Amino acid sequence: MTFADQAGLLPLIPLPAQIERHDGRFEVTTDTTLSVPADDAEALNAAHQLAELLGRTRGLLLTVRQEPAASPRAIRIALDPNAPVIQSEGYALEVGHNGIRLSARSGAGLFYGAMTLWQLLTPDDHRGAVSVPELSMRDWPRFGWRGLMLDSARHFQSVDTVKQMLDAMAEHKLNVFHWHLTDDQGWRLQIKRYPELTAIGAWRTPPGAGTHGEPNRYGGFYTQAQVRDIVAYATARHITVVPELDMPGHAQAAVASYPQRIGVTGERPAVSVDWGVNPYLYATDANSLGFIKNVLDEVMALFPSTYIHVGGDEAIKDQWKASSAVQAQMKQLGIKDENAMQSWFIDQIGRYLDKHGRRLIGWDEILEGGLPASASVMSWRGTQGAIDAARMGHDVVLAPGGALYFDHLQSDRADEPNGRYDVLPLKTVYAFDPIDRSLTADQAGHVLGTEATLWSEYLPSAWHIEHALFPRIDALAEVAWSAPAVRDWHSFLARMPAQLRRYRALDIPFADSAYAVNITLDGGANVALSSGKARVSLANQVDDGQVHYTTDGSIPTLASPRYVGPIALSLPATVRAQPFAADGTVLAAVRSRVLDDAALRTLPSSELVPCPDGDSGLRLPLLPDLGAPDTPVYNADIFRACKIYPAARLDGIAAIRVDAARLPRNFGLAHDQVKVISYPATTAHGELEVRLDRCDGPVLVRLPLPAGKAPGARMSLSGAMPAQSGDHDLCMRFTAPSDGPLYAIGTVQLITAAKKHATSDLPGKPTP
């Protein structure tokens, strides 16, 4: 039996470094004591954390006792300078017939051992006493930086939500909370010397303010007392909080607060409502740098972390290029271009932090123009920035967008919420290795570790954050903690059902996207429409679990038929399916698909395909700050308001109905603004054109758009279609001006002549 097979029998994530199984088992009951030495504060903390988690998830209430030696058949947790694991975060765990012993040389090690013990004691969803196998375990992490970034600038989270994130990190042995606190859309940290940063910079007026539940004013900030509380909460869980204050770009909220002191132009902008890249930079003179250093003094007093993150990304240099003062300063300093000026600017901050015993870390753009000697690099534009920096002898952290940006959707399903719809599935996260094979051993030694990011433009609520984070945090934890030699995807999947049960016990609304059953038609909808019959296939993203299904409208159970191959059905029919683990654990909610004429001729926006040279990859809510999980969402292209209904069966089609929406066009595109395409309109407010086969093909119908520019409006557009035959692509594009709202499609339905005559509002005018 391989190590992965042996460890896979235990419900542990991340996988430990070494496990040796023994014969026998030990039962933990309410009579079992959590025993700690009287003078061991670290052991006491770990014991209380373990007791609290066991009480919440299993209803197993254990008493914590401080005593010189362990009671008989107790769980003994104690610091031991001679513990058999010397790594600073490592621990040793022994389960024998007389009790359990957890030892480590540090408080962090004891804490991580307690988290492992919690998992051992929650192998199923039963309550009360539990029997665990006798074993010997030695465990330690692969990387010292095991991080998670939360963006509180774009959307503000409550203190309770932040603490929930810290709890999740602790349970997964993550130890760096990278807290993104300032950006164009909000300044979230109280700075007592500069009160306008929060009086002005913490608030914005959203698009569509006051409509459909959108607030008139959006924002908030953390007081210094709240920050101290959060830092203390993190410290108790052996998590370091690394703050990020963006500079020199992503500074619009700061400039809005003090335009004369730190702005390049001296003009006061509004706090931005536009996601993306905005033009406002910090000035580079002594006044601006003095302001930043004063802010950093208060930041360093609040955050004891070695590292301070200064951003450094996406700083569009147009304002510096247009500023005579900046250009004169560059000439005086002998600096050749604006990228080198950013390097000089970052170096000034790095020197200041270094003087105070801190270290600067920034996104990989700080490599441009020359990397300051004291800087460490966090690589987000793939891995090359980290590779380059490590080769130059700089410490690096890997956070590449393609593998660890958790604001990307977990699947391409129609029931996914807001996000960037470049799909980041569970398996892709698990497959990531932070150390590139091209690095030498010495260069690889500069890889501090890895982290995932929760950019919050499209995560407006705690529900959205948890949906984006779970269960991908499990894959991240194993990447960051476990050695590559012991990791195994199939073992990981075998251990996931126990983790999903723990999530349910903790009331965590995890995404079930990886396990949700996709109900697909062999040959597509057109084959079913032609024959009146369908062959249905059932599968999920991870190809895991037993799928049970029904075709009579009932909810599937383990007693329902198990899927073993394509199902032959006569139309109309309704298929419902649900996946179960081998032990009966529900892996995902029931998914249903109606198979009738109307449903087979209807596509949601997630199944429309991009027009040529299009697609910006965004799944947008009706309004940007609406936090309800059921907020309508739309796959939209912000550069080309155009989508294609592929291979539409047009025989007998007499009309088309499109459910659409008018969304805010709140995107900071900077130099990419030139990529936005406008299509010529023929009516006063523009229309939705439906073209045959190609986007420059003949127009089949134009559906006029209603008057108005207010975002957040939903509308039904409908009209007659000229008779066609065969299967054709339908190119649908909005011709509303591109300097106004963004129009997007929710669903498209093709309607037959019989259905049209039975529907009173077809053909007709758009309904707002």
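With contacts defined as alpha carbon pairs under 8 Å and 6 or more residues apart, what's the relative contact order of the range 10-77 in percent?
Values: 80 pairs, mean separation 28.0, N = 68.
Computed value for the range 10-77: 41 percent relative contact order.
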Out-of-range pairs (alpha-carbon distance over 29 Å; input Lys192/Lys355; Lys293/Lys675; Lys293/Lys317; Lys317/Lys643): Lys293/Lys675; Lys317/Lys643
Once phi is turned into θ = phi - 60°, what whole-Hz ³J(HN,Hα) does the Karplus curve with 6.51, -1.76 and 1.60 give for every residue of the range 525-537, x standing for Gly and Pro? 5, 5, 5, 5, 5, 6, 9, x, 10, 9, 10, 10, 10
What residue among Tyr430, Ala707, Gln673 has its Cα farthest toward the positive end of the dipole of the chain, where the charges are +1 on Lys, Arg and -1 on Asp, Glu, each on the Cβ? Ala707
Dipole of the chain, positive direction: furthest Cα of Ile262, Thr747, Leu181, with charges on the beta-carbon: Thr747
Hey, quick one: spin label on Lys427, modelled 7 Å out along Cα-Cβ, who in the range 539-573 has an amide N within reach, i.e. under 18 Å? 539-547
With helices defined as uninterrupted DSSP H runs, which ones in the chain have an alpha carbon span along their own long axis of at least 15 Å and mean Kyte-Doolittle hydropathy of at least 0.0? 107-120, 159-171, 224-236, 286-302
Could you check what % of the DSSP bridge pairs in the range 84-209 are antiparallel, to the nearest 5? 70
Unit charges at the beta carbon, dipole of the range 428-584: most positive-side option, Phe470, Ala505, Thr550: Thr550
For the range 162-239, calculate the relative contact order in percent as a whole number, restricting contacts to Cα pairs under 8 Å that are 6 or more residues apart. 34
Hits among lysines - C-alpha to C-alpha of Lys427 under 24 Å, sequence gap 8 or more where chains match: Lys173
If packing is taken as the average number of other Cβ atoms within 10 Å across a peptide's residues, how do 44-54, 249-259 rank, most packed first? 249-259, 44-54
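Only helical DSSP H runs with n ≥ 4 go in: add -39500 (n - 2.57) per run for the chain, normalise by residue count and round the 222 nm mean residue ellipticity to 500 deg cm²/dmol. Could the numbers behind the result be given before it?
Values: 22 runs with 201 residues, N = 768.
So the calculated ellipticity at 222 nm is -7500 deg cm²/dmol.
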Given backbone amide H placed at 1.01 Å from N, residues whose amide H is under 5 Å from that of Gly370, ignoring those fewer than 5 places away on the same chain, are none
Describe numerically, in nm with one decimal, the distance between label points set 7 Å from Cα along Cα→Cβ at Arg694 and at Glu20. 7.3
Taking the Cα centre of the range 547-696 as the origin, how large is its charge dipole in debye, to the nearest 20, when only Lys and Arg (+1) and Asp and Glu (-1) carry charge on their Cβ atoms? 120
Residues of the range 650-676 with amide N under 17 Å of a point placed 7 Å along Cα→Cβ from Arg381: 669-673
Over the heavy atoms of Asp552, what accessible area does a 1.4 Å probe trace out, to the nearest 10 Å²? 120
Out of residues 5 or more away from Phe221 or on other chains, whose amide H comes under 5 Å of its own, with H placed 1.01 Å from N in the peptide plane? none
Karplus couplings for the range 634-640 from phi (6.51 cos²θ - 1.76 cosθ + 1.60, θ = phi - 60°), rounded to Hz, Gly and Pro as x? 9, 6, 9, 10, 7, 9, 9
Please list the non-local residues whose amide H lies under 5 Å from the amide H of Arg154, H modeled 1.01 Å from N, same-chain partners needing a gap of 5 or more. Ser456
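If you place +1 on the Cβ of every Lys and Arg, -1 on the Cβ of every Asp and Glu, and leave all else neutral, what size is the dipole of the chain about its Cα centre, to the nearest 20 Debye?
Values: 70 positive and 85 negative charges, 205 e Å.
For this selection, approximately 980 debye.
If you count the DSSP beta bridges with both ends in the chain, what percent of them are antiparallel, to the nearest 5?
65
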By the scheme Lys and Arg +1, Asp and Glu -1, what is the net charge of all other residues having a beta-carbon under 13 Å from that of Ala534? 0
Taking the Cα centre of the range 1-91 as origin and charging only Cβ (+1 Lys, Arg; -1 Asp, Glu), how large is the dipole, in debye to the nearest 20? 300
What list of ³J(HN,Hα) couplings, whole Hz, do you get for the range 261-271 from phi and the Karplus terms 6.51, -1.76, 1.60, once you set θ to phi - 60° and write x for glycine and proline? 7, 10, x, 7, 8, x, 8, 8, x, 6, 4
Using Cβ-Cβ distances only, list the Cys residues of the chain with no partner cysteine under 4.7 Å, sorted by number. none
Under 12 Å from the Cα of Lys709 - aspartates and glutamates, other chains or at least 8 residues apart: Asp739
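Highest mean first, what order results for 166-176, 127-137 on Cβ atoms within 10 Å?
Details: 166-176: 23.3, 127-137: 16.1.
Top to bottom by mean Cβ count within 10 Å: 166-176, 127-137.
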Largest first, what is the accessible-area ranking of Lys533, Lys643 with a 1.4 Å probe? Lys533, Lys643
Just grab the label-to-label distance for Lys675 and Leu571, each label 7 Å out from Cα along the Cβ direction, in nm (one decimal). 3.8
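Can you give the net charge of the other residues whose Cβ lies under 11 Å from the Cβ of Ala114, counting K and R as +1 and D and E as -1? Numbers along the way, then the final one.
Values: positive: Lys173, Arg237; negative: Glu42, Glu52, Glu171.
Value of the local net charge: -1.
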Considering Cα pairs under 8 angstrom that are at least six residues apart, work out the relative contact order of the chain and quote it in whole percent. 10
Mind checking which lysines have their C-alpha under 21 Å from Lys321, skipping anything on the same chain fewer than 8 residues away? Lys331, Lys336
Rolling a 1.4 angstrom probe over the protein chains, ignoring ligands and nucleic acids, what is the accessible area of His671 in square angstrom, nearest 10? 110
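The values are calculated or read from the model by the stated rules, or taken from the named source; none is laboratory data. This is a predicted model, so every value here is computed, not measured. Ideal geometry is used to build each Cβ from the backbone, glycine not excepted, and the neighbour counts take in all protein chains shown. Accessible surface areas use protein heavy atoms only, side chains included; no ligands, DNA or RNA. Shrake-Rupley method; radii C 1.70, N 1.55, O 1.52, S 1.80 Å.
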